[in-house]
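Quick notes on the structure that follows.
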Amino acid sequence: MTGQSFMVRLNVLLAIALIVSGLYLVKISYESRRLFAEIENAHGAERQLESDRRRLEAERQAQATHLRVEATARTKLNMRAATPANTQYVVDAGLAAAPQSAPLARLPAPPSAPDPGASQ
């Protein structure tokens, strides 16, 4: 009877191992599906963020056009284009003391090196 009780115990042990491995397989399958769904959600969020980035980049480029900047400067900042009528010229005091008819002094040219190919 010891051989038969050993076989019964072995069968019970194998049945328990089979049930545990089946439960583990179900758990792993569920975890795999959950992780796959999480990855798909992350890919969807990535696509949405990329779409938003492209849209915002296009808006930024549209906001930074020269005509828009000029129109904003005119309306909100009350700026206007520079014309001779509204331009004030600033003169340096040191240059203002010099007579305007006097030509600017030229510095003498540095002596040139002798040409090595010229005859002596």
- Item | Derived scalar couplings ³J(HN,Hα) [region 30-42; Karplus, 6.51 cos²θ - 1.76 cosθ + 1.60; whole Hz; x for Gly, Pro] | 4, 5, 5, 5, 5, 5, 5, 5, 5, 5, 4, 5, 5
- Query: How much solvent-accessible surface does R55 expose, in Å² to the nearest 10, with a 1.4 Å probe and all protein chains in place?
  - Reply: 120
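Determine the order of K27, K76 by accessible area, beginning with the largest, at a probe radius of 1.4 Å. All intermediate terms of the calculation are to be shown ahead of the outcome.
Values: K27 125, K76 155 Å².
Most to least solvent-accessible, the answer reads K76, K27.
What does the C-alpha gyration tensor say about the overall shape of region 5-55? Classify as rounded when a/c is under 1.5, otherwise prolate if a/b is larger than b/c, or oblate.
Details: a/c = 13.57, a/b = 11.39, b/c = 1.19.
Cα axes put region 5-55 in the prolate bin.
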- Roughly how many nanometres apart are two label points built 7 Å out from the Cα toward the Cβ at S51 and Y24? 4.3
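Given the Cα-Cα distance of V91 and F36 and 0.36 nm per residue of separation, how much length would full extension add, in nm? Intermediate results must be reported in sequence, preceding the final value.
Values: separation 55, 0.36 × 55 = 19.80 nm, distance 7.38 nm.
Gain on extension, V91 to F36, equals 12.4 nm.
The values are calculated or read from the model by the stated rules, or taken from the named source; none is laboratory data. From a predicted model like this one, the values you see are computed outputs, not experimental measurements. As a convention, Cβ positions derive from the backbone with ideal geometry for all residues, glycine included, and neighbour counts pool all protein chains shown. To get the accessible areas, we keep the full protein, side chains included, count just its heavy atoms, and leave off ligands, DNA and RNA. Shrake-Rupley method; radii C 1.70, N 1.55, O 1.52, S 1.80 Å.
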